[in-house]
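Contents: one structure, followed by commentary.
What follows draws every value from the coordinates through simple rules; no lab data is involved. All values derive from a computational prediction rather than experimental measurement. As a convention, Cβ positions derive from the backbone with ideal geometry for all residues, glycine included, and neighbour counts pool all protein chains shown.
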Amino acid sequence: MSNQQVRVRFAPSPTGGLHLGGVRTVLFNYLFAKHHKGSFVLRIEDTDQNRYVEGAEEYILDCLKWCGLHPDESPVVGGPFAPYRQSERKALYREYAERLVAQGHAYYAFDTPAELEQKRKDIPNFQYGHTYRNEMRNSLSLSEHEVDALLDKGEPHVVRIKMPVEETVNFNDMIRGHVSFDTNLVDDKVLLKADGMPTYHLAVVVDDFLMKITHAFRGEEWLPSAPVHLLLWEYLGWKEQMPQWAHLPLILKPDGHGKLSKRDGARLGFPVYAMNWTDPKTGELTPGFKELGFLPEAFLNLLAMLGWNDGTDQEIFSLDELIEKFSIERISKAGAKFDFEKAKWYNAEWIKRSSAESLKPHVEAVLQDKGLTIAEDKFLLKVIDLIKDRVTLLPDFYQQAGYFFQVPGEYDLNAIKPKWTDAKTDFFNELVSVFEASATWEPAELETTFKALTEQRGFKIGDVMLPFRIMLVGGKFGPHVFDIAALLGKQETINRIKIALQAFTA
Ligand code: GLU
């Protein structure tokens, strides 16, 4: 790599929820920039007023914040190339469109929407390009005089690129290697719209140039647009400064057939967006990884592994480690199948590896959401340490640990009643007396005491251990029962035995 400072950008259009493929694009841009000590720019591409969706920009910013992928330059933090919202840069694009027209690489087109529609009806698969452009109303087909008259009159018009005929456009993609396009197959894309706004094609080139972007990672779906962009870089005389492109392979449906879509998520019951997204027009809520209970560390880790690996079997990476190890050479060319079970595995691993302290705010939120009160921080931290190996999604902390904060609301009586005997009632009453008399309250001692009494009373350990567990937690789950009792404390354990005995013998 040359000494030039690396500058990458994520350039979303604020049109709705942020797909996990979008976050992976952010991540790869970010990892590349940070690996090379460069800058990560967030640019909002909002020039298509028809697709603009209220709240979508804030939502994207929130998603980046949740993931901890903080832009060095953005509409919020500013930066040397502000503004970073294309709608606020509207005035500067026309100059470049006019320059292209003057050079003969673009032209004015006056066709009305009705005329275009008629053409599409008359000609199947109509493309506004070299085959038909001379029969349309534009500055290529009309005389100079006619064009001037229309412009003077303020006739609505767009500016279109004039795609060259029978040329091949080539470039070297950092992931896909050599790519070439036949210009005959590409239509004359609109560059500047009738409302004076640039289209994506013009704005992306102008802004990548003005913002000194050196490398651009984007989804593979943008590959067909690349020839238009390449020609614009060339026509505007900026070819030397063109960023190096990396078109990222798609994230595929679990069966590998086609791109993973929002609908697949709904159909198969997993999220596809980073965070919950509510469509402001329809009110429709599309679920997100965050609200389902994913840790951002796990989310980033699993996204990184969709199409990248470090060449070893290692699967768990922190963001710092990803920054250190990231290399384009190890991004796969093939699409990556999304596997939700594997995604959950990453989350469980991250929960296991996280400290109780770092999990605390998440667990607090889960428990408080269920109306539980957390008396003491120290107690909560111990609970988290005891439980975290059993949790896959953060809300599981409620099912797995809720009983530490409230007496079980119900008991698995089916597991108890058929085998209950008076002798068992006596055993637990006696256990209460033994516990009351005990001076210490440690798991190992509790176990010894419990087992001694079991033997004395002629029970098998299985006969009384399961009831004891159900007394404390309500069901057949949870960690080692004496760890639970130790953490609940002497008084609470005794209380729970007494309360449960009533339910078991009723
Ligand atoms: N605005 C485009 C999008 O919404 C950006 C594509 C690119 O990165 O060039 O994805």
Taking neighbour counts of Cβ atoms within 10 Å as a proxy for exposure, in what order, fewest first, do Lys290, Lys417 appear? Lys417, Lys290
How tilted is helix 113-122 with respect to the longest principal axis of the chain? Cα atoms for both, answer in degrees (0 to 90, nearest 10). 90 degrees
The stretch 355-468: radius of gyration and largest Cα-Cα distance (Dmax), Å: 17.1, 47
When the chain is fully extended, how far beyond the present Cα-Cα distance does Asp377 get from Tyr52, taking 0.36 nm per residue of separation? 112.5 nm
For the chain, longest principal axis from Cα atoms; helix 340-353 axis from its Cα atoms; angle between them, nearest 10 degrees, is 60 degrees
Which of the peptides 135-142, 343-350 is most tightly packed, and how do the rest follow, going by the mean number of other Cβ atoms within 10 Å of each residue? 343-350, 135-142
Residues Lys189, Lys490 arranged by fewest to most Cβ contacts within 10 Å: Lys490, Lys189
In the stretch 1-103, trypsin sites (Lys or Arg not before Pro) in a DSSP loop with at most 14 other beta-carbon atoms within 10 Å: Lys37, Arg51
Taking Cα atoms, how many degrees apart are the long axis of helix 461-473 and the longest axis of the chain, rounded to 10 and kept between 0 and 90? 60 degrees
Hey, fewest Cβ within 10 Å first, where do Phe10, Phe450 land in order? Phe450, Phe10
